[in-house]
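Colleague: Structure below; questions to follow.
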Amino acid sequence: MSKSTVVIVTGVSSGIGRATAEKFAERGCQVFGTVRNIPKASPLPGVQFVEMDVRDNDSVKRGIQFVIDRAKHIDVLVNNAGVAMLGAAEETSIDEATWMFDTNVLGILRTTQAVLPHMRAQRSGRIVNVSSVVGFLPAPYMGLYSASKHAVEGMSETLDHEVRQFGIRVALVEPGFTKSNIDANSPQVTNKISAYDAERDLVSRAVAENVGSASEPDGVASTIIGAALGTWRMRHTPKGEASLLSKLRRFMPAGPVDKSLRKSFGLGKK
């Protein structure tokens, strides 16, 4: 892979985004990584930082134009930036839900809309959207996060139908728990309802345990590289738990999957 392959990865301050940008650079790509505040970002060899907030239309347009001005084209866009939150659907405020969708769904729409005119003009490109296993297997007390990832999945499949006529393809990467800030430091809802306290606490502890024993971001990053540079297919699940969950969702009856999911989060048999 040569320097002529220009890659943008959103959200490279830490975790999956940082590991992904690093691996693209190791492959010899010209890599631009977005961060919200360049002075606060730790340097990453081979990656040029671009200041961008995916929740701000003007910021996204400036960031993409910055890349075009320097690299003249864009071959790969990896939409990695995202947020999560733990809490029951009933206790999740509209403001919290809006914040999550604005980042996880509209953030992808903003960057994609900014990049597509350039990809259409060159008649080629690959867009990789980082989803999650909760995009196909919703988890308790992650209702709005799951909903946002379901939206990413639907938008990605639709977009792929629309842009393949221009030589552009869209792919999804669906990781499970990973040692990353989004999993380890997900905030809880602000206005908690006491009726949910017991189960929410069980789920919170289960999430912490899963993150503690989860794999480092490198495995997910390698999957993203394959989705971006390899032969196209729509869905990519990293090896291990994510791949297993994908198979369970596809081939097991709904009842046993539901029971297994509740057990994994420490919930009762109801």
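Colleague: Using the Cα centre of the chain as the reference point, and only Cβ charges (+1 on K/R, -1 on D/E), how large is the resulting charge dipole? Debye, rounded to the nearest 20. Before the final figure, lay out the partial values.
Modeller: Details: 33 positive and 27 negative charges, 173 e Å.
Its charge dipole is roughly 840 debye.
Colleague: Could you list, in their original order, any pairs among LYS40/LYS259; LYS23/LYS149; LYS179/LYS259; LYS61/LYS239; LYS239/LYS259 whose Cα atoms are separated by more than 32 Å?
Modeller: Details: LYS40/LYS259 44 Å; LYS23/LYS149 24 Å; LYS179/LYS259 26 Å; LYS61/LYS239 35 Å; LYS239/LYS259 23 Å.
In this structure, LYS40/LYS259; LYS61/LYS239 lie more than 32 Å apart at Cα.
Colleague: Let me ask something additional. Does anyone have the angle between helix 106-122 and the longest principal axis of the chain? Alpha-carbon axes, 0 to 90°, nearest 10?
Modeller: 30
Colleague: May I ask you to compute the full-extension gain from PHE166 to LYS72, defined as 0.36 nm times their residue separation minus their alpha-carbon distance, rounded to one decimal in nm? Mind dumping the intermediate values first?
Modeller: Working: separation 94, 0.36 × 94 = 33.84 nm, distance 1.83 nm.
Extending this stretch completely gives an extra 32.0 nm.
Colleague: For the stretch 134-201, what is the accessible area per residue in Å² when the probe is 1.4 Å?
Modeller: In whole numbers, the stretch 134-201 has 43 Å² accessible per residue.
Colleague: Ordering TYR145, TYR196 by how much accessible area each has at a 1.4 Å probe, largest first, what is the list? Present the calculation step by step, with values, prior to reporting the outcome.
Modeller: On the way: TYR145 20, TYR196 60 Å².
Most to least solvent-accessible, the answer reads TYR196, TYR145.
Colleague: Relative contact order, percent, of the chain when contacts are C-alpha pairs under 8 Å separated by at least 6 residues? Please report the intermediate quantities before stating the final value.
Modeller: On the way: 486 pairs, mean separation 51.1, N = 270.
Relative contact order here is 19 percent.
Colleague: Taking all protein chains in place and a 1.4 Å probe, what share, in percent, of the accessible surface of the stretch 1-151 do carbon and sulfur account for?
Modeller: Working: 3180 of 6120 Å².
Exposed carbon and sulfur together represent 52 percent of the surface.
Colleague: Over all directions, how big on average is the projection of the convex hull of the alpha-carbon atoms in the stretch 43-195, in square nanometres?
Modeller: Details: hull surface 40.1 nm².
So the Cα hull casts an average projection of 10.0 nm².
Colleague: Additional query: With only alpha-carbon atoms counted, please give the Rg and Dmax of the chain, in Å.
Modeller: According to the Cα coordinates of the chain, Rg and Dmax are 18.5, 57 Å.
Colleague: Antiparallel versus total DSSP beta bridges in the chain: what percent is that, nearest 5?
Modeller: On the way: 0 of 27 bridges.
Counting only bridges with both partners in the chain, antiparallel ones make up about 0 percent.
Colleague: Let me ask something else. Grab the Cα-Cα distance for ARG233 and LEU202, subtract it from 0.36 nm times how many residues apart they are, and report the gain in nm with one decimal. Write down the numbers at each step before the final one.
Modeller: Working: separation 31, 0.36 × 31 = 11.16 nm, distance 3.66 nm.
Gain on extension, ARG233 to LEU202, equals 7.5 nm.
Colleague: Another one. Run through the stretch 74-176 and list the trypsin sites (Lys or Arg not before Pro) located in a DSSP loop whose Cβ has at most 11 other Cβ atoms within 10 Å. Write down the numbers at each step before the final one.
Modeller: Values: sites: ARG110, ARG120, ARG123, ARG126, LYS149, ARG164, ARG169; in loops: ARG123.
Sparse-neighbourhood loop trypsin sites (Lys or Arg not before Pro): ARG123.
Colleague: Amide H to amide H, which residues 5 or more places from VAL128 or on other chains are under 5 Å from it, using H placed in the peptide plane?
Modeller: Amide H neighbours of VAL128: LEU77, VAL78, ASN79, ALA171.
Colleague: In a GNM of the chain with a 10 Å cut-off on Cα contacts, which of ALA121, ALA147, ALA206 has the highest mean-square fluctuation?
Modeller: Its mean-square fluctuation being the largest, the pick is ALA121.
Colleague: If we count every other residue with Cβ under 10 angstrom of MET234's Cβ, Lys/Arg +1 and Asp/Glu -1, where does the sum land?
Modeller: Taking every Cβ under 10 Å from that of MET234, the sum is 0.
The values are calculated or read from the model by the stated rules, or taken from the named source; none is laboratory data. Keep in mind that what you see is a predicted model, and the values were worked out from it rather than measured. As a convention, Cβ positions derive from the backbone with ideal geometry for all residues, glycine included, and neighbour counts pool all protein chains shown. In case anyone asks, the SASA skips ligands and DNA or RNA and just uses the protein heavy atoms, side chains included. Shrake-Rupley method; radii C 1.70, N 1.55, O 1.52, S 1.80 Å.
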